[in-house]
1. Using θ = phi - 60° and the Karplus form 6.51 cos²θ - 1.76 cosθ + 1.60, what ³J(HN,Hα) does each residue of the range 271-284 get, whole Hz, x for Gly and Pro?
2. For LYS306, which sequence-distant residues (separation of 5 or more, or a different chain) have an amide H within less than 5 Å of its own amide H, given hydrogens modelled in the peptide plane?
3. Which trypsin sites (Lys or Arg not before Pro) in the range 332-364 pass both tests, a DSSP loop state and at most 10 other beta-carbon atoms within 10 Å?
4. State the answer as a single residue: which of SER52, GLY232, ASN333 lies farthest towards the positive end of the charge dipole of the range 23-357, with beta carbon charges of +1 for Lys and Arg and -1 for Asp and Glu, about the Cα centre.
5. How many angstrom lie between the Cα centre of the range 110-125 and the Cα centre of the range 231-308?
6. If you wrap the chain's Cα atoms in a convex hull and average its projection over all directions, what's the area in nm²?
7. Give LYS254/LYS306; LYS259/LYS306; LYS171/LYS257 a once-over and call out the pairs whose C-alpha atoms are over 24 Å from each other.
8. Along the range 371-384, what does the Karplus equation 6.51 cos²θ - 1.76 cosθ + 1.60 (θ = phi - 60°) give for ³J(HN,Hα), rounded to whole Hz, x for Gly and Pro?
Amino acid sequence: MKNFILLFFLCVSLSLFGQTRPNILIINIDDMGWRDVGFMGSKFFESPTIDSLVRQGTTFTNGYASASNCAPSRASMLSGLWQTRHGIYTVGTSERGQSKDRKLVPVKNIETLDPKFKILPQVLKENGYQTCLSGKWHLSDDPLPYGFDVNIGGSHAGNPGSYYPPYQNIKLDGPPNRYLTDLIMDKTVDYIRNVKTEQPIFLYYASYAVHTPIQKIDSLMYRFENKKEDDGQKNAAYATMVYNEDRNIARLLKALKEKGILDNTFIIFTSDNGGLNQVTYQHPLRAGKGSYFEGGTRVPLAFIWKGKIKPGSTSDLPVTNLDFFPTLMQVANIKNYPALDGNSLYNYLLTQKADKMLSDRPLYWYFPIYLEGGNKETNDPIFRTRPGETIRKGDWKLHYYFEDHTVLLYNLKDDVGEKNNLVKQNPEKVKELMLLLKNWNSATNAPPVTELNKNY
């Protein structure tokens, strides 16, 4: 009887804290636009493995990054916090472009995530997970103090100097002529093959691809160099990078399957921000990376969990990568974690039914900075972004710009391309959303952008 009781408690312990807890895999592609994969409608780019993977779960057509470029999006995803709390608003300085073109003095940008924030891998590690970063980190010089046991290629670098060796700013040893993302996957597969399975695994696969520099894979060019363009998508070199990334994800999934842990892995597939205009277009969405129109923040997003999430399902619920942290806390059955700004999607993923908290909540973006590279889709020849903020609530999205107090209002249900400004027709909606912004700014201590630039 005594042995039976001991066996019973051992089984309970294993079910709560051992191998039966799901492994967690976040696939975070760099600069992959909302329509850069087949499952989101691209007819030019090819992603058969990714398409097959997401068909095993739920695709969110209104999935968002919490920022429109790399570092702030990643900082918010991993911390679960709005940019106003950690102060990372862009990459490098916030004073982008020429001073004479900047009417206001932007908020000074923070480039390293403050260690005072306890982030997702730290919480998972404290609760028995083995943690591995594979690829881009971009939030400090070394990811290991932030909760990772293993680092494969991560540093403060936002993109490689070259995808072909020498990689310049990415320090990773490998054979000559090995494409960087292939080498990172080589080492990731080795990690999976050698990792012990007594404890669950958290793998953050954050590929440097498909970020610039756009460097083709010669052996794949035949697939795309004569292919018909699809609504602005025609860059054959970029297409080889997308396809090669798809092949590497196939290698990753195969390694997990051979290890016997794929079926017990909760998977998130996403991108850190919209695709870069001129390289790829997200039509019918407007603009791209660095802009706070939909093309800059809306991204491909899917959740897969075998036996739990309904395969082949699609949702139009607006969600954000801020929601990953609280969702994963429920997936891992972790009760003690920091206060977060996102909402858990756990119950929604299992039931496909949204409570009022999820269906009615506003989503916010705050960008007190300048970002050069304007184009015809931003209606600004100088900047992709000028200081301002946006809010989405339901079908409505409002932009507010600090330089001249410009307000733009769009109904995304009828106008996903943000072409028809409805400010004059909907003064009460403008008033409602502006009040929400004002209250949110106050609640999150959003830094004001009011100082005039004397060089303007």
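1. Along the range 271-284, the couplings run 10, 7, 5, x, x, 7, 4, 5, 8, 8, 10, 10, 3, x Hz.
2. Answer set, sorted by chain and number: THR265.
3. When the trypsin sites (Lys or Arg not before Pro) of the range 332-364 are filtered for loop state and at most 10 Cβ neighbours within 10 Å, LYS335, LYS353 remain.
4. ASN333
5. Using only Cα atoms to place each centre, the spacing works out to 24 Å.
6. Mean orientational projected area (the chain, Cα hull): 23.0 nm².
7. The answer is LYS171/LYS257.
8. Values, residue by residue: 9, 5, x, x, 7, 5, 7, 8, 6, 8, x, 9, 10, 6 Hz.
Every number here is computed from the coordinates shown, using simple stated rules; none is lab data. As the structure is a computational prediction, the values presented were derived from the model and not from experiment. Don't worry about glycine lacking a Cβ; one is built from the backbone with ideal geometry, like all the others, and counts go over all protein chains shown.
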